[in-house]
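The values are calculated or read from the model by the stated rules, or taken from the named source; none is laboratory data. What you are looking at is a predicted structure, and each value in this text was computed from that prediction instead of being measured. Neighbour counts run over all protein chains shown; Cβ positions are idealised from the backbone, glycine included.
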Amino acid sequence: MHGSEWPAQGLHVDVLRLDQLHPVVSGNKWFKLQHHLAQARPGSPILTFGGAWSNHLVATAFAAKERGLSSIGIIRGEAPATLSATLHEAKNYNMQLEFITRQQYAEKDQPAFQQQLLHWFPSAYIIPEGGGGLPGITGSEDILRLTDTTTYTHILCAIGTGTTFMGLVRAASPGQKIIGVPVLKGIDSPAAVDPSSLLTKQQTARSQLLPGYHFGGYGRHPQPLLDFMNRLYADTGIPTDIVYTGKLFYAVIDCIRKQFFPTHSRLLIIHSGGLQGNRSLSSGKLDF
Ligand SMILES: *Cc1c(COP(=O)(O)O)cnc(C)c1O
C-alpha cells in the first residue's frame with residue numbers, strides 16, 4: 001500500500017501494489033490462475049494463449065512449473081528469428097511454445113479449434129487468453145480480501161479482458177464503486193465487459209467504465225504516456241507498465257484534476273503488475 005492525500009480535493013488515495021506480490025507471477029495474473037490451476041487434473045498439461053510480450057504467458061509458465069505441471073503456450077504470429085524476452089523467459093520455465101498465424105489465433109476460442117488443440121495435446125487443461133473465464137473471475141475476487149478494503153469508496157483497475165474487473169465488482173461491498181479503465185479501443189460500458197451477464201443488476205450498478213484513456217488502442221504507448229509514467233515514478237516511486245497500469249494511473253490522476261471524485265472519497269488503485277512487458281521498449285525510454 002502506498003498512501004497519499006490530495007488535500008486540495010479532500011481525497012485519500014492508496015495503491016494496492018500487486019506488482020510487489022511475486023517476482024514472476026506478478027499482479028492480477030497470480031489471482032486469475034489460482035482456480036484454473038486447482039481445476040487442472042494432476043498430470044494434465046496446461047495450455048494457454050498469448051502474444052510475444054504477454055504477462056499471462058510468463059505467469060502461467062512459472063506457476064505451472066511450480067506445481068510440477070507441464071505447459072504449452074500457443075503464440076500469436078510466426079516464430080521470430082529471436083524470441084522476445086518474455087517468450088525466452090516462458091521457455092526457460094519449460095513452456096513448450098507453438099506459433100500459429102494471426103488468422104488461426106483469431107479462432108482460438110472456437111469449439112472446432114479447441115477440439116483440434118485437444119487432439120494435438122491430449123488431456124490438456126485449456127486456460128483462455130489472459131486467464132479469463134469464471135475461474136479467473138472468482139480468483140480475482142480474492143484481491144479485495146488481501147487486506148481490509150471495505151473503507152474505500154472507489155476501487156480502480158485497468159481493463160483488458162475485464163476478468164479482474166468482474167472479480168472486483170463481485171467482491172465489493174454494496175456502497176463501493178468499482179471503476180475500470182479500458183486499455184483497448186471500443187470498450188465503453190460494463191455490458192461490453194460482461195457479454196454473458198455474469199454480474200447481477202446490483203453488481204452492474206456499482207460498476208463504471210472510464211473510456212477514452214486507451215492512448216490509441218491496445219499496446220499503443222505514445223510519448224505523452226511515457227512522459228507521464230516517468231513523472232509518476234519521479235514523484236511517487238511507483239513504476240507502471242506501458243500496456244495497463246500507466247494508462248490506469250493517468251486516468252485516475254486526470255479524473256482527480258477534473259474533480260470527478262466527490263470530496264472525502266477514499267480511492268484504492270489496484271496496481272496489477274505487468275512490469276515485465278516494459279522490456280518491449282528500447283532502453284532509455286523509461287527512467288525505471
Ligand atoms: C493482464 C493484465 C491486466 C488486464 O486484466 P484483465 O483481467 O484481462 O482485464 C491488467 N493489468 C496488468 C498489469 C495485466 O498484466
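Pairs are defined by a Cβ separation below 6 Å, a sequence spacing of at least 6 or placement on different chains, a first member in segment 240-268 that is farther than 21 Å from L226 by Cβ, and a second member that is in a loop (DSSP other than H, G, I, E, B) and modelled with pLDDT under 95; the pairs so defined are T263/G10; H264/G10.
From the list F288, F249, the lone residue that is within 16 Å of the ligand (Cβ to nearest atom), assigned to a loop (DSSP other than H, G, I, E, B) and among the aromatic types (F, W, Y) is F288.
In the set G131, G180, G136, G167, which member is within 13 Å of the ligand (Cβ to nearest atom), touching an Asp or Glu at 6+ places or on another chain (Cβ under 8 Å) and of a type outside the set (V, I, T)?
G167
Just one of the listed residues (L199, L267) is crowded, with 17+ Cβ neighbours inside 10 Å, away from the ligand (no atom under 15 Å from the Cβ) and either at pLDDT 95 or above or under 27 Å from K32 (Cα atoms) (or both), and it is L267.
On the basis of being exposed (fewer than 15 other Cβ atoms within 10 Å of the Cβ) and of a type outside the set (S, T, N, Q), does P190 make the cut?
No, not satisfied.
Among residues of segment 174-227 being among the basic types (K, R) and in contact (Cβ under 8 Å) with a residue 12 or more places away in the chain, the one that is farthest from Y152 (Cα to Cα) is K185.
Selection of segment 217-237 for residues being surrounded by fewer than 18 Cβ atoms within 10 Å (Cβ to Cβ) and not in a helix (DSSP H, G or I) yields G217, Y218, G219, R220, P222, G237.
Could you tell me whether I100 is crowded, with 16+ Cβ neighbours inside 10 Å and more than 16 Å from the ligand (Cβ to nearest atom)? Yes.
Picking from residues in segment 225-240 that are within 19 Å of I179 (Cβ to Cβ) and in contact with a Leu (Cβ under 9 Å, 6 or more places away or on another chain), the one that is farthest from the ligand (Cβ to nearest atom) is I238.
Looking only at segment 141-164, decide whether some residue is without any contact (Cβ under 8 Å) to a residue 40 or more places away in the chain, in the same structural domain as T245 (by TED's automatic domain parsing), touching a strand residue (DSSP E or B) at 6+ places or on another chain (Cβ under 6 Å) and not charged (D, E, K, R). Checked against the condition, which is being without any contact (Cβ under 8 Å) to a residue 40 or more places away in the chain, in the same structural domain as T245 (by TED's automatic domain parsing), touching a strand residue (DSSP E or B) at 6+ places or on another chain (Cβ under 6 Å) and not charged (D, E, K, R), segment 141-164 yields no hits at all.
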